[in-house]
Every structure is written in C-alpha cells, then in structure tokens.
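The values are calculated or read from the model by the stated rules, or taken from the named source; none is laboratory data. Because the structure is a prediction, the values reported are computed rather than measured. Don't worry about glycine lacking a Cβ; one is built from the backbone with ideal geometry, like all the others, and counts go over all protein chains shown. Each accessible area value is taken on the protein alone, full model and side chains, heavy atoms only, with ligands, DNA and RNA left out. Shrake-Rupley method; radii C 1.70, N 1.55, O 1.52, S 1.80 Å.
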Amino acid sequence: MSRKIRDCQILRKIGEGGSGSLFLAYSEQMNKKVAIKELHPFQETPHSRQRLQREIEVLEKLPVHPNIVK
C-alpha cells in the first residue's frame, strides 16, 4: 500500500468499522509509527468530527497498555 496522508506513509490497514478505517502508518514528522483513523465519506459531519475529537481526548487519558493506541 503506497499511500500518504499528510506526512504519514500508510503501512497497512488495521481494521474497519461503522465510522471508518484504521491504518498503521509511519509519521515522518514524529519519526514513529502511528495509527490513523479515516472517516467514511458519509460519516464526515460536524457531529462525527466531535465524536472523533472526544475519542482522541479519552485515549490521551488512558494508561499505557500494549492494546491501546497512544
């Protein structure tokens, strides 16, 4: 998979759900692997963006765990 989202090179698709797809990527700016959630086009609404922002805020508060994206 040779695709980029901003400064991130997509390495592989991790999964897909009702709101979008999750990818493993490499961030050139951060110099590390990251997870990127891409919303499905029909999910790109102000409400879905707010939900995604809340999800990010919750993930930032969780303790370090191998199964939790940081």
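Select from the range 1-16 the residues that are free of Cβ contacts under 8 Å to residues at least 12 places away in the same chain and not in a loop (DSSP other than H, G, I, E, B) and list them in ascending order.
Answer for the range 1-16, where residues must be free of Cβ contacts under 8 Å to residues at least 12 places away in the same chain and not in a loop (DSSP other than H, G, I, E, B): K4, G15, E16.
Would you please list the contacts, defined by Cβ atoms under 7 Å and residues six or more apart or on different chains, that run from a residue in the range 17-31 that is over 14 Å from R3 (Cβ atoms) to a residue that is among the polar types (S, T, N, Q)?
S19/Q43; S19/S48; G20/Q43
Which of (1) in a loop (DSSP other than H, G, I, E, B); (2) open to solvent by less than 90 Å² (accessible area, probe 1.4 Å) is the odd one out, the single condition E38 does not satisfy?
Every listed condition holds for E38 apart from (1).
Please determine, by comparing only the residues of the range 22-35 that are among the charged types (D, E, K, R) and in a strand (DSSP E or B), which one is most open to solvent (accessible area, probe 1.4 Å).
If we take residues in the range 22-35 being among the charged types (D, E, K, R) and in a strand (DSSP E or B), then K33 is most open to solvent (accessible area, probe 1.4 Å).
If you take the residues of the range 41-55 that are loosely packed, with under 12 Cβ neighbours inside 10 Å and not charged (D, E, K, R), which of them is modelled with the lowest pLDDT?
Only one residue tops the list, namely F42.
Condition first: under 14 Å from the mean Cα position of the chain (by Cα) and hydrophobic (A, V, I, L, M, F, W, C). Now tell me which residues in the range 41-70 satisfy that.
Across the range 41-70, the qualifying residues are L52, I56, V58, L59, I68, V69.
State the number of residues belonging to the range 1-21 that are within 17 Å of I56 (Cα to Cα), surrounded by 13 or more Cβ atoms within 10 Å (Cβ to Cβ) and out of contact with any Asp or Glu (no Cβ under 7 Å at 6 or more places or on another chain).
1
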